[in-house]
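Chemist: Take a look at this one; I'll ask things after.
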Amino acid sequence: MNHYYGDYGGQYVPEILMPPLQELEEAYEQYKADPEFTSQLNDYLENYAGRSTPLYYAKNMSAKYGIKIYLKREDLVHGGAHKLNNTLGQALLAKFMGKKRLIAETGAGQHGTATAMVGAKLGFETMVYMGSKDVKRQLPNVYRMKLMGTEVVSVDTGSKTMKDAINEALRDWVTNVGDTHYLIGSVVGPHPFPKIVRDFQSVIGREVKEQVMKVEGRYPDSIVACAGGGSNAMGIFYPFLDDEVNLFAVEAGGEKLREDDKIAYHSASLATGKEGILHGARTKVLQNRDGQILESTSVAAGLDYAGVGPELARLSETGRVKPCYITDMEALEAFHELSRLEGIIPALESAHAIAYVRKMADHGILGDTVVINLSGRGDKDLQTIMDMEE
Amino acid sequence: MRISQKFEELKDKNEKALIAYVCAGDPDPDTTPSIVNALVEAGADIIELGLPFSDPVADGPTIQAATCRAIEAGMNTESYFEMIKGLEVNVPLICMTYYNLIYRQGSENFVKKCADAGISGLIIPDLPLHEADELIEICKEEGIDNIFLVAPNTSDQRLDAISSKSSGFIYIVSKLGVTGEGKNISSNVAGLLDKINSDLPKAVGFGISNRKHVEEMVAAGADAVIVGSAFVNIIASKDNVISRLKEITKDLKEGCR
């Protein structure tokens, strides 16, 4: 299997992780087409996750902006975000591999929650690493994980966000390679993770293809998705890569891309990062002149990451995917507007995608039919919003 | 000094090598030379100087904290090479760092700077053999050794490949896990030492922190031991650092004789 997407990807990991990565790759190749595996996974996706999710025509928003806007309702997946698509796939794979323990990192807490769910359901001992800054701003998700029997470890090193949670999860995996599967939550990390996560998330794009054909008789002009690591974006984009559909990856512009030698006050690695090595992959990374990784920032914890999936970095480089960014303020405006116009409270992450469509609707570049990946619901963000508006 | 030359010297004296790791710039860039001098004076044969990286995934809490202190104190790639050029010790110096700092500078540029500064070898824990082809070529041209790591779970096939591509010595990771002081060293290390089919010296690291560990590794057939966190903990304590570093170094070196 090719480990690279152009110059991006690879396996930059301690030697101890080579056997488990190889084992994972072999198991994935063996089971992904195995009838027993696929029938169990499809059953879980349908009856546990609640798929397929609707492709909802946002009539009021469409009327306001003068283009047809569809929302892919991943916020309706059990748990409230697209994350379960991947955790179901990987946890089932881990089960088939005979693993006993799951570990995961989480930013917004959505991936941690989705891991806690499959951990409980499939009978794994489950541990989730979460930056202490994220623990504070996503308390409801921390409590949800605990309710489902998962141990949440607050990580107090570095920027205290997802980057550091991944470091800590990797250290755990290095120590417990035998019985533990590292259930990585985005299309990041060493090969084969970017590929496996993309494949499990591609159910989103496959459904959109069928649904949009049914109502429109054609594919949309554009698909817009937010991107931190990039799993919801790759999931909805991947099935459309060979079609004439514009693909926009909206990153967190935070405080308008400001940065210094230690901190980026944004998380736009596709738009502004330089080639580097982070968490096992060569990709676009927010870093200083020496190559020290910057602390990233975003109002949306799930986008707050200094790297991005290697395949998305490659697709941006070739121009197939257009990277763009939205500031915290613009995302907050979109959060409120969608809530009022459609009665749907989006996750702050997904609000970045909404905001981009609001901003660009009359520029012509989106065309007249747009699908937005509404990757999660906003309940988890209510505390953040309330604090900001105090 | 070349690493191979040091091992030959020690062979003549029938001694094993003590390789001492400290993080450059911990607690601050000005103090590192006196720490290195103390280690060498007290018997360390090779010095491994960490170039601190913000995200050291192969390191446990002790070295992570040292890395943070060093970066906070202003250590960076440029000051690292400057500091090394100023060292007046006659032992091989090894640069231990993570791959992004090398990649950012450009491998060729970085390796040339190493050679200019008098560094003899590179240890990069997040660069496994199959991603290292380019760097190996560059290092060969500049006469810098590539020290690769093998672990208790490394397959026989990879062991052979790593043995054949390594230079300087082979770094044997004693346990599944990250760096840090440990109570006991796994008895499996002896088996791993036996399995490695190479003329290169074999150095055992990760979790080796006292003389008993050193003696066990020497008895198991190691040509060298690598000690890091035990030194770093003394540096972090700020208590009588130089004399305590000398004391533990002498004791560990005794275990190599």
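Chemist: So which of B:Lys13/B:Lys250; A:Lys83/A:Lys163; A:Lys68/A:Lys195; A:Lys83/A:Lys274 end up more than 22 Å apart, counting from Cα to Cα?
Modeler: As for pairs spanning more than 22 Å Cα to Cα, those are A:Lys68/A:Lys195; A:Lys83/A:Lys274.
Chemist: Show me, for the range B:182-199, the HN-Hα J-couplings you get by feeding each phi into the Karplus relation (A = 6.51, B = -1.76, C = 1.60, θ = phi - 60°), rounded to Hz, glycine and proline as x.
Modeler: x, 7, 10, 9, 4, 6, 6, 4, 4, x, 5, 4, 5, 6, 6, 9, 7, 7
Chemist: At A:Asp261 and A:Met148, where each label point lies 7 Å from the Cα along Cα→Cβ, what is the point-to-point distance in nanometres?
Modeler: 4.3 nm
Chemist: If you keep only loop residues by DSSP, which trypsin sites (Lys or Arg not before Pro) in the range A:303-366 have at most 16 other Cβ atoms within 10 Å of their Cβ?
Modeler: A:Arg320
Chemist: In addition: Can you find, among A:Gly80, A:Thr272, A:Thr180, the residue sitting farthest towards the positive end of the charge dipole of chain A, where Lys and Arg contribute +1 and Asp and Glu -1 at Cβ?
Modeler: A:Gly80
Chemist: Suppose a student asked you for the relative contact order of chain A, using Cα pairs under 8 Å spaced at least 6 residues apart; what percent would you report?
Modeler: Once divided by the residue count of chain A, the mean separation gives 20 percent.
Chemist: Give the relative contact order (percent, whole number) for chain B; include only Cα pairs under 8 Å separated by 6+ residues.
Modeler: 23 percent
Chemist: Classify the range B:1-253: rounded, prolate or oblate, from the alpha-carbon gyration tensor (a ≥ b ≥ c, eigenvalue square roots; a/c under 1.5 rounded; otherwise prolate if a/b is larger than b/c)?
Modeler: Verdict is rounded for the range B:1-253.
Chemist: According to a simple spin-label model (label point 7 Å from Cα along Cα-to-Cβ), what is the distance in nm between A:Asp387 and A:Glu244?
Modeler: 4.8 nm
Chemist: A follow-up question, please. Shape of the range A:272-390 from its Cα gyration tensor (a ≥ b ≥ c, root eigenvalues): rounded if a/c is under 1.5, otherwise prolate when a/b > b/c, or oblate?
Modeler: It is oblate, given that a/c is not under 1.5 and a/b is not larger than b/c.
Chemist: Which whole number of Å³ per residue matches the convex hull of the alpha-carbon atoms in the protein assembly as shown?
Modeler: 145 Å³
Chemist: Using a Förster distance of 25 angstrom, determine the FRET efficiency expected from the C-beta separation of A:Arg206 and A:Glu29, and round it to 0.05.
Modeler: According to the calculation, E is roughly 0.80.
Chemist: With +1 on each Lys and Arg Cβ and -1 on each Asp and Glu Cβ, and nothing else charged, work out how big the dipole of chain A is about its Cα centre, in Debye to the nearest 20.
Modeler: 460 debye
Chemist: For B:Asp59, which sequence-distant residues (separation of 5 or more, or a different chain) have an amide H within less than 5 Å of its own amide H, given hydrogens modelled in the peptide plane?
Modeler: When sequence neighbours closer than 5 places are left aside, the close amide H contacts are B:Thr179.
Chemist: Among A:Tyr305, A:Gly217, B:Ile234, flag the residue with its Cα farthest along the positive direction of the charge dipole of the protein assembly as shown, charges on Cβ as +1 for Lys/Arg and -1 for Asp/Glu.
Modeler: Working it through, the farthest residue towards the positive pole turns out to be A:Gly217.
Chemist: Kindly write out, for the range B:237-249 in residue order, the coupling ³J(HN,Hα) from the Karplus curve 6.51 cos²θ - 1.76 cosθ + 1.60 (θ = phi - 60°), rounded to whole Hz, with x marking Gly and Pro.
Modeler: Working through the residues one at a time gives 5, 6, 10, 6, 4, 4, 5, 6, 4, 4, 4, 5, 4 Hz.
Chemist: Also: How high is the FRET efficiency between B:Ala219 and B:Asp239 when r is their beta carbon distance and R₀ equals 25 Å, given to the nearest 0.05?
Modeler: Once rounded, the FRET efficiency stands at 0.15.
Chemist: Can you tell me which aspartates and glutamates have their Cα less than 16 Å from the Cα of B:Lys183? Leave out same-chain residues fewer than eight positions away.
Modeler: Those aspartates and glutamates meeting the cut-off are B:Glu215, B:Glu216.
Chemist: Each residue of the range A:177-184 in order: what ³J(HN,Hα) in whole Hz does its phi give by Karplus 6.51 cos²θ - 1.76 cosθ + 1.60, θ = phi - 60°, with x for Gly and Pro?
Modeler: 4, x, 9, 10, 9, 8, 8, 6
Chemist: If the chain between B:Lys195 and B:Lys183 were fully stretched, how many nm would it gain, using 0.36 nm times the residue separation less the Cα-Cα distance?
Modeler: Between B:Lys195 and B:Lys183, full extension yields 1.9 nm more.
Chemist: How big is the gap, in Å, between the Cα center of the range B:35-105 and the Cα center of the range A:252-319?
Modeler: For the range B:35-105 versus the range A:252-319, the Cα centre distance is 26 Å.
Chemist: List the lysines whose Cα sits under 21 Å from the Cα of A:Lys160, skipping any in the same chain fewer than 8 residues away.
Modeler: A:Lys160 reaches A:Lys133, A:Lys136, A:Lys146, A:Lys262, A:Lys284, A:Lys380.
Chemist: Calculate the spin-label point distance for B:Asp160 paired with A:Arg320, positioning each point 7 Å from the Cα along the beta-carbon direction, and give it in nanometres.
Modeler: 3.8 nm
Since every read-out is calculated from the coordinates, none of them should be taken as a lab result. The shown structure was predicted, so the numbers you read here are calculated from the model rather than taken from an experiment. Virtual Cβ from ideal backbone geometry, glycine too; neighbours counted across all protein chains shown.
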